[in-house]
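S.K.: Sharing a structure here in structure tokens format.
The values are calculated or read from the model by the stated rules, or taken from the named source; none is laboratory data. From a predicted model like this one, the values you see are computed outputs, not experimental measurements. Counting neighbours? That spans all protein chains shown, and the Cβs are built from the backbone with ideal geometry, glycine included.
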Amino acid sequence: MSRAAVPIIRLRDSDSVGEFVGQKIATSIKQAGSNPLVLGFPSGRTPKPTIRALARIASKEMLDLSQVHIVLMDDYVWQDAAGKFRNVPLSEHFSCRKFAHDELLGLINLGLEKSKQIKVTNLHAPDATNPLAYENLIDSLGGIDIFILASGSSDGHVAFNGPGAARQSLTSVMQLAEETRKDNLLTFPDFKSIEEVPRFGVSVGISTIADKSRLAIMILTSKEKREAFQTISSARKYDPAWPATVVAECREGMIVVDELAG
């Protein structure tokens, strides 16, 4: 039995996309009231308009975000001489946890009184020394209410899951595909060459996204995401050749695209 097509929301530009998704998150926060709300976020260029919009809405409406948890998709990893993996330190410009502290907490909390801010202790990231503990954490939070997704433009990676990622994969340390590393030269422009991009990352798996999210929103903006949009919007099930098609397997999925991409 084939699945229905993932609904598509077409908007003018990336700011319009950000406003739409930001409003959707804000509505869910208000509906949750004093109950926890868990948001899954990528780092990089794609979520920035959404983060800016959510920050504006939160400040304008004085939203209480004290019960919001943020679950990051991934983080870069270094391997030491003994072969052990560890997350890159927060001081590195490409640290996904640094992005979350600076861009997510830094912007969203800016206009809120302290009692209404997202708590630093409610910001979660996978740990390369014990990846599967992240699955237990997400389960303990009751799953992810809204998972914001992004797709690699050249290979369809989602989080750090590159082509060939298994549908049942869970949070783990994985070697990054060459095309994923090339895409990340744009995501983190302070990289001077691909040789500076780490070769490993710790990331949620395909199953983590598909089976632990209530709503997954795939954001596709800019002309470089045209191929991604065409591939993902036509998918009726997960295709390991383009992992971002995972949105087709989610309990509720949505594609939000701007005019340049779709």
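S.K.: Restricting attention to the stretch 77-111, which residues are assigned to a loop (DSSP other than H, G, I, E, B) and either touching a helix residue (DSSP H, G or I) at 6+ places or on another chain (Cβ under 6 Å) or of a type in the set (G, A, S) (or both)?
M.R.: Taking the stretch 77-111 and keeping what is assigned to a loop (DSSP other than H, G, I, E, B), we get 80-84, 88-95, 109-111.
Hits for the stretch 77-111 are A81, A82, G83, L90, S91, S95, G111.
S.K.: Which ones in the stretch 171-189 are assigned to a loop (DSSP other than H, G, I, E, B) and either touching a Phe, Trp or Tyr at 6+ places or on another chain (Cβ under 7 Å) or crowded, with 18+ Cβ neighbours inside 10 Å (or both)?
M.R.: Within the stretch 171-189, the first condition is being assigned to a loop (DSSP other than H, G, I, E, B), and the residues that meet it are 171, 176-177, 188-189.
Passing the criteria: T171, L176, A177, F188.
S.K.: If P49 passes every condition in (1) in a loop (DSSP other than H, G, I, E, B); (2) at pLDDT 95 or above; (3) surrounded by 22 or more Cβ atoms within 10 Å (Cβ to Cβ) but one, which one does it miss?
M.R.: (1)
S.K.: Okay, moving on. If G142 satisfies all but one of (1) at pLDDT below 95; (2) over 19 Å from P47 (Cβ atoms), what's the number of the condition it fails?
M.R.: The single condition G142 does not satisfy is (1).
S.K.: Next question, about the same structure. Among all residue pairs at least 6 apart or on different chains, which show Cβ distances below 9 Å where the first residue, located in the stretch 160-189, is at positive phi and the second is modelled with pLDDT under 95 and of a type in the set (A, V, I, L, M, F, W, C)?
M.R.: G164/A177
S.K.: Can I ask one more? When you look at L137, is it of a type outside the set (S, T, Y) and over 24 Å from K84 (Cβ atoms), yes or no?
M.R.: Details: of a type outside the set (S, T, Y): yes; over 24 Å from K84 (Cβ atoms): no.
For L137, the condition - of a type outside the set (S, T, Y) and over 24 Å from K84 (Cβ atoms) - is not met.
S.K.: Next up: What are the residues in the stretch 27-54 that are under 17 Å from the mean Cα position of the chain (by Cα) and either of a type in the set (D, E, K, R) or farther than 22 Å from F188 by Cα (or both), if any? Reasoning before the result, please.
M.R.: So the first thing to find is which residues in the stretch 27-54 are under 17 Å from the mean Cα position of the chain (by Cα), and the list is 37-54.
Across the stretch 27-54, the qualifying residues are L37, V38, L39, R45, K48, R52, L54.
S.K.: Going by what's in this entry, would F160 be described as of a type in the set (F, W, Y), crowded, with 23+ Cβ neighbours inside 10 Å and either in contact with a Phe, Trp or Tyr (Cβ under 7 Å, 6 or more places away or on another chain) or within 17 Å of N87 (Cα to Cα) (or both)? Let's see the steps before the verdict.
M.R.: On the way: of a type in the set (F, W, Y): yes; crowded, with 23+ Cβ neighbours inside 10 Å: yes; either in contact with a Phe, Trp or Tyr (Cβ under 7 Å, 6 or more places away or on another chain) or within 17 Å of N87 (Cα to Cα) (or both): yes.
Answer is yes for this residue.
S.K.: Go through the residues of the stretch 159-170 one by one and say whether even a single one is over 30 Å from N35 (Cβ atoms) and of a type in the set (K, R).
M.R.: Among the residues of the stretch 159-170, at least one is over 30 Å from N35 (Cβ atoms) and of a type in the set (K, R), which makes the answer yes.
S.K.: Given (1) out of contact with any Ser or Thr (no Cβ under 7 Å at 6 or more places or on another chain); (2) modelled with pLDDT of 95 or more; (3) polar (S, T, N, Q); (4) assigned to a loop (DSSP other than H, G, I, E, B), where does Q230 come up short, assuming only one miss?
M.R.: Unmet condition: (4).
S.K.: Here's something else I'd like to know. Among the listed residues S43, S34, identify the single one that is in a loop (DSSP other than H, G, I, E, B) and either surrounded by 22 or more Cβ atoms within 10 Å (Cβ to Cβ) or touching a Phe, Trp or Tyr at 6+ places or on another chain (Cβ under 6 Å) (or both). Before you say what the answer is, go through the steps one by one.
M.R.: Details: S34 fails: either surrounded by 22 or more Cβ atoms within 10 Å (Cβ to Cβ) or touching a Phe, Trp or Tyr at 6+ places or on another chain (Cβ under 6 Å) (or both).
Checking each option against the conditions leaves just S43.
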